[in-house]
1. For V352, which of the numbered conditions (1) surrounded by fewer than 20 Cβ atoms within 10 Å (Cβ to Cβ); (2) touching a Pro at 6+ places or on another chain (Cβ under 7 Å) fails to hold?
2. Name the pairs: first residue in segment 26-37 and under 16 Å from T117 (Cα atoms) and among the acidic types (D, E), second residue at pLDDT 80 or above and open to solvent by less than 70 Å² (accessible area, probe 1.4 Å), Cβ to Cβ under 9 Å, at least 6 apart or on different chains?
3. Take the residues of segment 446-459 that are surrounded by 12 or more Cβ atoms within 10 Å (Cβ to Cβ) and either among the acidic types (D, E) or under 25 Å from the mean Cα position of the chain (by Cα) (or both): which is nearest to L294 (Cα to Cα)?
4. For the condition of a type outside the set (D, E) and buried (at least 17 other Cβ atoms within 10 Å of the Cβ), what is the one hit in F144, F43, F47?
5. Do the conditions hold for D56, that is, is it closer than 26 Å to Y146 by Cβ, over 20 Å from the mean Cα position of the chain (by Cα) and open to solvent by 20 Å² or more (accessible area, probe 1.4 Å)?
6. Among the candidates R232, R212, which residue alone is surrounded by fewer than 17 Cβ atoms within 10 Å (Cβ to Cβ), of a type in the set (K, R) and modelled with pLDDT under 80?
7. Which residues, counting only those in segment 393-414, are in a helix (DSSP H, G or I), more than 21 Å from L297 (Cβ to Cβ) and open to solvent by 50 Å² or more (accessible area, probe 1.4 Å)?
Amino acid sequence: MRRTLIYTLVGLLSPLVTLLLLPVYLNYLTTSEYVILSLSNSFIAVFSIFFNLKVDQAMRTIYFYNSDDFDKQKQLFRTLFSFQIISFIVWLLVFLMVGNSLFSIIYKNVVPFFPYTFIILSTFLVNSLCGFYYIYLQNKLEVFKYSTYFVGSTLLINGLQLFCIFYLKLDFIWFLIAPLIANSFIFLIIYLRNSSLFKFQISKPILIEALRFSLPFIPFLVIYNIENQLDRFFIDRLLTIELLAKYVVLLSIASVVSTLFNSVDNAIRPELFSILSNENDTKKVQVQFNFYLLIGLLSLSFLVFFGVHIHWFLDNPKYNGIAPYFPMIGIAFLPMIFLRFFALQLIYENKVSKMNVYSAIKIIIMAILFWILIPEFGIPGAIITLAVSNFLNAFLFFILLKNKTLPRVKIISYCMSFLILNLVLCFKENAYLLSLVSSFQCLLFVGIFFLQYKNQIINYFNKPNTNES
């Protein structure tokens, strides 16, 4: 449990820095630069689904199917890393040849592929190589080494970016080049310190096994991306452009929580999968579930607090009037904590194909609800649909589970407290009350989390190099 806690706290750093620097970057970027960055990142998000055929998911899971076979685990890493290198070279050549033509079709020359998107793409490719090594460290439960690399890379990337734009006063292209330089430097250090590990070696049986596991993730992620864009599609057609702008800004801030949960998933996965592969102890799974829920409640309470007090961080007309929506976002995202934990278990049980079927059905239900609720209620209608969608997903994923585990009664009571507090805020649109209750709620869940896990945190800093659980 101690390892999971540290992986999570380290993983929180990146989304937290992103959230805190968001107002800084929005003030720095011009409108056209922000459009380029936003649309390029949207393209990268879709491209990332197909880039390596999701073999990283195989590395996260198949690794634990052979928990006692260290040679096969190393072969798995080398095979999939070599496959990543091949993918890296192939895609870089493809985009060098067709990048401009592709972007002229997709974005009608609004966003040039060269040089901006090409730099962002190159950064993503190099970062994916570093990320694959981080997965290996997490799977091996090398907490200190993983923490050092991850924290160092996060601080270096953001620090170099801030240095370029504020100290050196360089233009937008250097804002994009800085992360590429930082990621390349980090990968060079990783390679030089682990050269014996990075042998180009492909085992055909291992690669086939990995692809059989990972390929079902592609339709799952395609469905997931459609689901994420569905609300904006309907708001764009059913409401004014002003309301669409507010909703996009609202979700841009809320999306930091999704990024955070990706980090939490990656943090909890090694220990959870070890439990599932070795003993499948229900009580130990419950301990992981309790931790996951408390991290989720802490994150959502901070999101509500941050959103309610957005005027402290940035005085921008785009943010006017969105503060009262954050308690609703908190409620809508609450079932997402449950469904993501259930999804981790289903991935281990190799039930991604069944998840795809349920997710496709859910998209149809969401489209109907968006069509009915958005014209009637506006932005709250879209948020209500997200809440229904997340609850439905959590329920269906729980039904699919082979070994069902529920959290402790005390943890459920914390979830109910969060729900009640935010329901009060939804129906009492008073600025003072919003500020008071959101502040109290944030402090409450910080206190609960610290009291629950203070011993593990203190022990880690007292003995950072040990391998205790």
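1. Failing condition for V352: (1).
2. Short answer, once both residue conditions are applied: E33/Y116; E33/F172; E33/F175.
3. So, considering only residues that are surrounded by 12 or more Cβ atoms within 10 Å (Cβ to Cβ) and either among the acidic types (D, E) or under 25 Å from the mean Cα position of the chain (by Cα) (or both), the one nearest to L294 (Cα to Cα) is F449.
4. F43
5. Judged against the criteria, D56 is not a match.
6. On inspection, the qualifying residue turns out to be R232.
7. Passing the criteria: only I399.
Rundown of residues vs (1) over 17 Å from I329 (Cα atoms); (2) in contact (Cβ under 8 Å) with a residue 40 or more places away in the chain, yes/no style:
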site: R408; (1), (2): yes, yes
site: I411; (1), (2): yes, yes
site: F418; (1), (2): no, yes
site: L423; (1), (2): no, yes
site: K428; (1), (2): no, no
site: S435; (1), (2): no, yes
site: Q441; (1), (2): no, yes
site: V446; (1), (2): yes, yes
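The values are calculated or read from the model by the stated rules, or taken from the named source; none is laboratory data. Given the structure is predicted, the values throughout are model-derived calculations rather than measurements. Counting neighbours? That spans all protein chains shown, and the Cβs are built from the backbone with ideal geometry, glycine included. Surface areas here come from the heavy atoms of the whole protein model, side chains and all, with no ligands, DNA or RNA. Shrake-Rupley method; radii C 1.70, N 1.55, O 1.52, S 1.80 Å.
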